[in-house]
Amino acid sequence: MDSIELQKDSAFINDLESVINKDGPFSGWELFSMAYQAELTTSSPSFNGLRALDYLPHVDFLDHQVEVAEQAIEMMHGRAILADEVGLGKTIEAGLILKEYMIRGLVKNALILVPASLVNQWVKELNEKFYIPAVAHRKNYSWKDNPIIISSLDTAKRSPNQEEIIDTEYDFILVDEAHKLKNHKTKNYQFVRSIKKRYCLLLTATPVQNRLIEIFNLITILRPGHLGNYDSFIEKYGKDRRKLEQDPYLKQLIQKVMIRNTRKATKLTESKRKIETLWIDFPETAREVYDDLVNTPIAFSTFSKITYLREICSSREACYMSLSKISERDNHAAVLKPLLTKIEELPHHVKAEKVVELIKSIGDEKVIVFTEYRATQYYLQWYLQQHGISSVPFRGGFKRGKKDWMKQLFKDHAQVLIATEAGGEGINLQFCSHLINYDLPWNPMRLEQRIGRIHRFGQEKDVHIYNLVIRNTIEEHILKLLYEKINLFEKVIGNLDDILAELNISSIESEMESIYNESTSAGEVRIKLNNLSSIIQGAKNDPMVETEERLYGNH
Amino acid sequence: MAITNLNQFLTDYFSAKDCEIISNHDGVIQIQLNEQMDRELMNRPFYWHYIKKIGRTGDPMQLTLITNPQKRDEQGEWIHFGSPRLQQIMNHLKEKEKFTKLFQSMDVTEKTALHPWLVINFKISYQGQHKKDEIISIGLHLVNGMMKLDMMNLLTKFSLQTTISDYCFTLSPMIKIKSGYLRMEAVLSNYIEEQEHTWAKKSSELLEEEIQTLKHFYQGDEESEQMQKEQEALMKRYQPNIAMNVINGGIVYLQQDAL
């Protein structure tokens, strides 16, 4: 008892005396006893358990979400890495933890740092689901006026915001997409570390298991010294991830601050992915243009040539736009003029026709169409409208408010959402279960992001994914040599990052660029792509990568 | 005494605040607010400012509260233990209904003495790595010094009013209010001290452990600002403390031997 500080209420009795001296104002019995009842109702009579569940009768929490919240509070004392796989509801877990602390009066102010594209979504979720009065940070807001602020990391670390934040004592800090903090030399990292904070949650779907040192860095934000200091850690474990497998003690230490559930472990796999690739042939005229492009005498860099080829597989418009640009700029007019004329004369794109056919066969259900090109997006919107199909566009460049508005339009009024690549991140569209990959991105992570918009927590139906691919073109290469081989469509590719790191490939896109750039013939490209995919395939079957979930999983 | 029947609680509340209950069926309550309650609950200061400025009386709103979850899709606000509306009402209660002076209602024709009781409702919060509350209601007879626990519950069997009944008079306290209060505090301190605080011990141990870990991390750099910051955060997170706060309290005059 000696070590426990006891605070007494010195103000009340003086106030009571002075009210009695003034003979009022007094409360009647009803209101007086109601205030007492209110206090009895809102107090927390036990250290354990989640009071928040009684306060949120309208939310159906899943078992694993409640377990995560309890574990983070009771075992990890409010400092934890939540690393559930994509789509298992990390936001909900974090909201539940924050709510619990607020109900118990342990958190009065909080700073929530999330990607800019997700700010509004977080605000909405915390307000509507959890009744947490969180507000998005706006220019000229004081960081101190609102107790619960949501902001992007980039905004927060800019001056003078950074100074104001560092100056504040926070009860609770949350960082979403925390894998961005894995490098301790970055400004982001140093900024987050220097914030004064009591409780702290780091959320990440791609667990930072690439390098041990990255885990070390994240954990150091939460509990410095938990894994020893930097030098001793490097000395003991080096930078080798394999050490983790060999050292059960280290594994245990990591489990003390990190919670990871997998779809498999939570039995949330009911919603399946059904993939269908629709093979299409170019009609004669379009084929001619494609071959002309392949055989053009102009010495384009191989990569830009590939770009034009990909574009002509997407729409006349996309290809026409880029070709006419260089035709003016680089004095290729003489060679390109006939080609451009040919493109102009092309009939409707065979893929667009296919999309209409496909959407009609899907019936009344909502469909998302993804394309890589803005020009294609415009074209498709017009083309669908000609066929009586309503659609709304979506781009990453839209302002937050416009994004929300487009999403709402799609939900309530339009059948189709046509999104460009950049639109892939930051919207949740669980109410839709059909996705058309009008063209395929070269970066498999982006593909996963596309699918992740609809195949996520809350999706009740099976998800249908359609790939439109034109035979004997560059599209066929990509699909056959890369995607199909490494089975990307079927599996959540959380591991891909690790696989690439393992192979020392920094980005699959640049790897492919260089393959195309350095190859002199189509045959050579095919062989090299083949090699690449078998390496990835090989690494994936490496038992070390397979054990990831065993290492970090809590089940 | 915690709220179990929300519908009853709300109708009692709005009646006590002099608002008319227009209807109350099947878990849907319709209330006509008065000006004061409109100002307190509806958050429209500009409206009232404007109305007063042009010298009109204003038009308080009606409120429809739904306590029956089956009816939550009907027009109105679904109100439950987590909803902002109920939080708002409970916060108003806790802020505003702090002091009382009450008299037992008597139906007598001869002179009757009423004895003064000091009634204080305490909330004790135990906070270490986690937090819990204990609520204790105490009554102290300000003439003979008798002390009763669970006072609020005991008081429910009387009819209490803010004015004194005919033929009744109050006895003056022998014990001053302040010293009465200090007696209560002493009893509570004693009660707290006699408990076994395993939670605090555990929390202190955790704190010690964490500080050691921290020191290990900052070996050779113990004076750094970052380390100080981290250590402060640890103290805040684990350092056990107990807070004794008053929810509300006041004087209640009861007949002799009422309790």
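The values are calculated or read from the model by the stated rules, or taken from the named source; none is laboratory data. All values reported here derive from a predicted model rather than from experimental measurement. Don't worry about glycine lacking a Cβ; one is built from the backbone with ideal geometry, like all the others, and counts go over all protein chains shown. All accessible areas refer to the heavy atoms of the entire protein, side chains included, with ligands and DNA or RNA removed. Shrake-Rupley method; radii C 1.70, N 1.55, O 1.52, S 1.80 Å.
Structure above, values below:
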read-out: Amide H within-cut-off set for A:Met258, under 5 Å, with H built and near neighbours excluded; value: A:Ile81
read-out: Cα Rg, Dmax (largest Cα-Cα span) when computed across the range A:55-266, Å; value: 16.9, 52
read-out: Calculated FRET value between A:Val294 and A:Ile326, using beta carbons and R₀ = 25 Å, to 0.05; value: 0.90
read-out: Probe 1.4 Å, protein heavy atoms only - accessible area per residue of the range A:317-402 in square angstrom; value: 51 Å²
read-out: Average Cα contact separation per residue, the range A:87-210, under 8 Å, 6 or more apart, as relative contact order %; value: 26 percent
read-out: Chain lengthening between A:Gln408 and A:Lys251 when straightened (0.36 nm per residue, less Cα-Cα); value: 52.1 nm
read-out: Dimensionless Rg over Rh [the range A:361-422; C-alpha; Kirkwood]; value: 0.95
read-out: For the range B:213-238, residues shielded by at least 30 square angstrom of accessible area compared with the chain on its own, probe 1.4 Å; value: B:Thr213, B:His216, B:Phe217, B:Gln226, B:Lys229, B:Glu230, B:Ala233, B:Lys236, B:Arg237
read-out: In order through the range B:115-126: 3J(HN,Hα) via Karplus (6.51 cos²θ - 1.76 cosθ + 1.60), integer Hz, x for Gly, Pro; value: 9, x, 10, 8, 10, 10, 9, 9, 10, 9, 10, 9
read-out: Accessible area of the range A:55-266 belonging to carbon and sulfur atoms, whole % at 1.4 Å probe; value: 47 percent
read-out: Distant-in-sequence amide H partners of A:Cys200 (H built 1.01 Å from N, under 5 Å); value: A:Arg79, A:Ala80, A:Ile173
read-out: Along principal axes, Cα extents of the protein assembly as shown, largest first, whole Å; value: 118, 69, 46
read-out: Qualifying lysines (Cα of each under 16 Å from Cα of B:Lys98; at least 8 residues distant if same chain); value: A:Lys22, B:Lys17, B:Lys123
read-out: Mean accessible surface per residue for chain B, computed with a 1.4 Å probe while every protein chain stays in place, in Å²; value: 51 Å²
read-out: Shape category assigned to chain B from the gyration tensor of Cα positions, a/c cut at 1.5; value: oblate
read-out: Residues in the range A:48-81 reached by a label modelled at B:Ala2 [backbone nitrogen below 18 Å; 7 Å Cα→Cβ]; value: A:48-58
read-out: Total accessible area lost when B and A pair, probe 1.4 Å, Å² to nearest 100; value: 7200 Å²
read-out: Prolate/oblate/rounded label for the range B:198-239 (Cα gyration tensor, a/c 1.5); value: oblate
read-out: Positions from the range B:89-110 whose accessible area shrinks by 10 Å² or more when the full protein complex is built, not the chain alone, probe 1.4 Å; value: B:Met90, B:Leu93, B:Lys94, B:Glu97, B:Lys98, B:Phe99, B:Thr100, B:Lys101, B:Leu102
read-out: Considering only the protein assembly as shown, percent of DSSP beta bridges that pair antiparallel, nearest 5; value: 40 percent
read-out: Theoretical ellipticity at 222 nm over the protein assembly as shown - DSSP helices of four or more residues, -39500 (n - 2.57) apiece, nearest 500; value: -13000 deg cm²/dmol
read-out: Vicinal HN-Hα couplings computed from phi for the range A:223-232 (Karplus, 6.51 cos²θ - 1.76 cosθ + 1.60; Hz; Gly/Pro x); value: 9, x, x, 4, 10, x, 8, 3, 5, 5
